[in-house]
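Only one structure is covered here, and it is reproduced in the block below.
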Amino acid sequence: MILNSKIMSIINPIILLITLLITSNCTNKDIEAPPADVGFIEEPSVKTIPFEELLDLVQQRTFNYFWDFAEPVSGLARETSRDAALGGEAPRIVTTGGSGFGIACFPAAVERGWITRDQAINRLDKILTFLEGCEKYHGVFSHWYFGDTGVTRPFSDLDNGADLVETAFLMEGLLINRQYLSVEAAKEASLISRITTIYENIEWSFFERGQNEMTWHWSPDNGFAIDLKIQGWNESLMVYVLAAGSPTFPITKETYDNGWARNGQMVNNNTYVGTTLPLGVDFGGPLFYSHYSFIGLDPRNLNDQYANYFEQNKAHSKINYEYCRNNPKDFIGYGGDSWGLTASNDFNGYAVHDPLNDIGVITPTAALSSFPYTPEESKKALEYFYYKLNDRLWGKYGFYDAFSEDRNWFDDSYLAIDQGPIVAMIENYRSQLLWDLFMKDQDVKNGLDVLGFTY
C-alpha cells in the first residue's frame, strides 16, 4: 500500500528520531566518534555564573551530603547513597574516614554561612556521643558502623575490628575542629576536652607490634591476620603524624623511616609525561594519595629528608592531568578539560583508577580536590563538569561519583570519601582555613617534629 505524503510527513521524523536514539547509545567503537576532547554529550542550557559563585555552589551542595544526608542517630556520614551496593543496609552504615572528611569542613561551613556555629556545635556533640559509645579496639575505630547502634559493621570477613587509617582520617577532622572551637565558651570547651580524650585513648604504638612499622588492621577475632603494612607512598601519611604526636601512645622516627618510608624505597624521582615525581609508584597512582592526609596537613612548606610535599602533590596531579589530556587509550571524553583518575564507583562496581589501571572512568573528586595543586587545570575540569555535563552529572549533593563518556555511563550516587575532599581541598585552595587550623595543633606539631619535618 502506498502512503500519502501527509502520512509520510508524520512517520519520517519518527523513524529519524528512533535511528538517532539507537546510534547515540551504541558502544561499537567502529562507529566514527567525535574528537576525544569534545565528548558526545550535547551541552545543556546552563546559566553561566561567576567562577567564585560556582565554587560556592559546588562546595555547599557537596557539603550537604554530610549535613542533610547524615545518618540521623550518629550524625556521621553514610558510606554511600547507593543502597543496593550494600544489600539494602546503606542507610544504616556510616564511615569513619569519610565522616572525618566531612567533619573537617564544619569550620568552613560556619565561616561561609551554610550552617550556624550553634548548629555545628550541636552536630559535633551528637557525633562525639556516638564515638564515645560505639565499639572500639585499643581505642581505634572500625571502618564501618551501624549508625543507629554503634556496632561494627564488618568491612570484610577478616576486617571486623580496628582500622588505623580510617581512624586517622576521623581524627584529622576532629582535630581541625578542636582548633576551631573556643576554650572560652563552656560547651565548646567541653567538646575540645572530649576530642582530646578520644585522641589520647588511641593506642597507636600497639599497631607497631614491636617491629618499627605500623599495621593497618586488628580484629578481636582474627588479630593481625590481614597483616597489611602502612607503607608509603600512599594516602596514609596522617597515621604516622598523629601517632608520632600522641602524648599517650607515641611511635618513633625509626618507625616512620623503616615502616612508612621503607628506608628510602618510597622515593621515585623518575619522569612521567614530562614531570618528575618525587615519591610513589610509577605515574603516581590514584589522586586520593594527594588529598586525604592533606585535608589538614599543609604541604606548601612541608619538607623532610624524602621530599617537599607541595612539589610531590603538584607533580602527582600534573602527571594525572597530562596523562588524561594525552589520552593514550583514545577514550571518548578525555582531554584537557575532562580529567582525573582515582578510586571510585565505575560501571563494574568500584575500583582504583590511575594511569596504570585506566578503563575510561573519570571521577570529579580527582580534579576538584586537586585545586591547590593544579588550579587552572582543575578550573577547566570544574567548568566542563558543570556546564557541559550538568544534566547527567549534577545532582542533589553535587557531582555524582564518576562517569565514562566512552561508555555513555554516568553514576547516579555519591561516596563520602569522594565528597569530603572536594569541599575541604577547594576550601584550602580558597582560604587555607583547614590547613591553618590543623597546623596550629600542638600535638600535630609535636608529631611533625618527632618525624623530622620542617613546616
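The values are calculated or read from the model by the stated rules, or taken from the named source; none is laboratory data. These numbers were taken from a predicted model, which means no experiment stands behind them. Don't worry about glycine lacking a Cβ; one is built from the backbone with ideal geometry, like all the others, and counts go over all protein chains shown.
Here are the numbers:
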{"item": "Qualifying position, being free of Cβ contacts under 8 Å to residues at least 12 places away in the same chain and among the hydroxyl-bearing types (Ser, Thr, Tyr), among THR129, THR80, THR62, THR96", "result": "THR129"}
{"item": "Residue count for the stretch 98-114, restricted to those that are surrounded by 17 or more Cβ atoms within 10 Å (Cβ to Cβ) and more than 20 Å from ALA168 (Cα to Cα)", "result": "5"}
{"item": "Filter pass, SER246 being closer than 30 Å to ILE121 by Cβ, among the polar types (S, T, N, Q), more than 22 Å from the chain's Cα centre (by Cα) and surrounded by 15 or more Cβ atoms within 10 Å (Cβ to Cβ)", "result": "yes"}
{"item": "Number of positions in the stretch 141-179 that are buried (at least 24 other Cβ atoms within 10 Å of the Cβ), farther than 26 Å from ALA109 by Cβ and among the hydrophobic types (A, V, I, L, M, F, W, C)", "result": "2"}
{"item": "In the stretch 359-414, the residues that are basic (Lys, Arg) and part of a loop (DSSP other than H, G, I, E, B)", "result": "LYS396, ARG407"}
{"item": "Single unsatisfied condition, ILE202 versus (1) under 26 Å from PRO72 (Cβ atoms); (2) buried (at least 21 other Cβ atoms within 10 Å of the Cβ); (3) not charged (D, E, K, R)", "result": "(1)"}
{"item": "Residue within the stretch 313-325 that is buried (at least 24 other Cβ atoms within 10 Å of the Cβ) and part of a loop (DSSP other than H, G, I, E, B) present", "result": "no"}
{"item": "Residue tally, condition acidic (Asp, Glu) and over 13 Å from SER293 (Cα atoms), over the stretch 165-186", "result": "1"}
{"item": "Residue match in the stretch 276-289 (condition: in a helix (DSSP H, G or I), of a type in the set (Gly, Ala, Ser), over 23 Å from VAL352 (Cα atoms) and at pLDDT 95 or above)", "result": "no"}
{"item": "Within the stretch 293-331, tally of residues that are closer than 15 Å to PRO375 by Cβ and of a type in the set (S, T, N, Q)", "result": "3"}
{"item": "Residue match in the stretch 122-142 (condition: modelled with pLDDT of 95 or more, under 21 Å from the mean Cα position of the chain (by Cα) and in a loop (DSSP other than H, G, I, E, B))", "result": "yes"}
